[in-house]
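Everything below concerns the one structure shown next.
The values are calculated or read from the model by the stated rules, or taken from the named source; none is laboratory data. Model, not experiment: these values are computed from the prediction. Here the Cβ is made from the backbone with ideal geometry for all residues, glycine too, and neighbour counts use every protein chain on show. Note: accessible area is taken over every heavy atom of the protein model, side chains too, but ligands, DNA and RNA are not part of it. Shrake-Rupley method; radii C 1.70, N 1.55, O 1.52, S 1.80 Å.
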Amino acid sequence: MRRPAAGSGCFPALCRALASVSDRLRDHLRSRIRDRIHDLPAERLPRWAGIAALVWASHAQAGSFTVNPVRVELSAAAPTAVLQVENIERAPITIQLSTMAWAQPAGNDVLQPSRDILATPQIFTLKPGATQILRIGLMRKPDAGQELGYRLLLEEIPPPPAPDFRGLQVALRVSLPVFVKPATEGRPRLTASIERRAEQQWHLTLTNHGNAAARLQGLTVHPNRDPQQTLAAYPSAVYVLPGQRRELTFRPAAGSLDDVMLIKAVMQGTPLELHANPAGQ
């Protein structure tokens, strides 16, 4: 039997097998983290930065920064806004800005590059503990009757890795909502429907008939005849843009679709209850 190579503590065949498993696991986790951080909401940034550091430990490099505020509102009366970015890491970080038009065709968020809003500086580097002021400006006239939605992306540009670094570099991307207020007062107005499209999978469709975006937090689903029973919950904040719809997928903990379902959430800081009929009924 061949002995372990000197100083390795591992048989050659076993070492090769472990390396192969490590490579496959690394590639899998790289894909999963890239997918999850792709559109990281600003309000979840500190938590996600901690998770990335925990998962990768000494085998990953990831920057971390905070943004304040995490929502921007522009209008004809206030066409500019200011944000502050702070580097809370021990190393310099470089960040690039992108401005995107935001829509929800087919119930999903879709972003497209846009020049309707301008963000400066478009690229900057922050030393540890340093802050940078960002200026956001409106480059078009507000819509007369409907709020417009955009997203400001802050993307970390990872530095070149050290020659002896053999892990992964995880780049954070933060997505901030930017709203342009209409000339008239804007209000969201939601309706809901729910259906089961697969075993143990429900789809909730929220449609906004108003002229302003709805922001929902703490969304839960209950049978209308037993509001104390929670069948499903959606932990993340949900935006429904005016004149559009948003589809959410649930895996209920228990229960089945009732004749009428009760949807509870907090919308713009106010408790909201919606009754949803199962689709097709």
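For the range 94-197, divide the Cα radius of gyration by the Kirkwood radius and give the resulting Rg/Rh value with two decimals. A ratio of 1.10.
Spin-label pair VAL82-LYS127: with each label point 7 Å from Cα along the Cα-Cβ axis, the two points sit 2.2 nm from one another. Distance between the C-alpha centres of the range 192-208 and the range 229-278: 9 Å, rounded to the whole angstrom.
Using the Kirkwood formula on the Cα atoms of the range 97-143, what hydrodynamic radius do you get, in angstrom to one decimal? Numbers along the way, then the final one.
Details: mean 1/r = 0.0777 Å⁻¹.
About 12.9 Å, per the Kirkwood formula over Cα pairs.
Pull out a ≥ b ≥ c, the square roots of the eigenvalues of the alpha-carbon gyration tensor of the range 140-189, then state rounded if a/c is under 1.5, prolate if not and a/b is larger than b/c, and oblate in the remaining case. In terms of gyration-tensor shape, prolate. Across the range 241-253, computed HN-Hα scalar couplings (Karplus, 6.51 cos²θ - 1.76 cosθ + 1.60, θ = phi - 60°) run 6, x, x, 9, 9, 10, 10, 10, 10, 10, 10, x, 6 Hz from first to last residue, x flagging Gly and Pro.
Converting phi to 3J(HN,Hα) with the Karplus coefficients 6.51, -1.76 and 1.60 and the offset θ = phi - 60°, the range 206-211 yields 10, 10, 9, 8, x, 10 Hz in sequence order, with x at every glycine or proline. Taking the range 175-208 and a reference point 7 angstrom along Cα→Cβ of HIS275, the backbone N atoms nearer than 13 Å belong to 192. Between ASN68 and ARG251, the FRET efficiency from the beta-carbon distance, with R0 = 30 Å, is close to 0.30. Within the shell of other residues whose beta carbon sits under 14 angstrom from the beta carbon of HIS209, the net charge comes to +3, with Lys and Arg scored +1 and Asp and Glu -1. Using the average count of surrounding beta-carbon atoms within 10 Å as a protection proxy, the listed peptides 116-123, 264-271 rank, highest first, as 116-123, 264-271. Measuring spread by the Cα atoms of the range 152-216 yields a radius of gyration and Dmax of 20.9, 59 Å. Taking all protein chains together and rolling a 1.4 Å probe, SER114 ends up with roughly 20 Å² accessible. Average accessible surface for the range 176-281: 49 Å² per residue, computed with a 1.4 Å probe over protein heavy atoms with every protein chain in place.
Dividing the Cα radius of gyration of the range 129-263 by its Kirkwood radius returns 1.12 for Rg/Rh.
Here's the picture: a label point sits 7 Å out from the Cα of THR207 along the beta-carbon direction, and within the range 173-199 the residues with their amide nitrogen under 12 Å of it are 190-194.
Using a probe of 1.4 angstrom, how much of the accessible area of the range 103-197 is carbon and sulfur, in percent? Could you put the intermediate results ahead of the total?
Details: 2640 of 5260 Å².
Carbon and sulfur together cover 50 percent of it.
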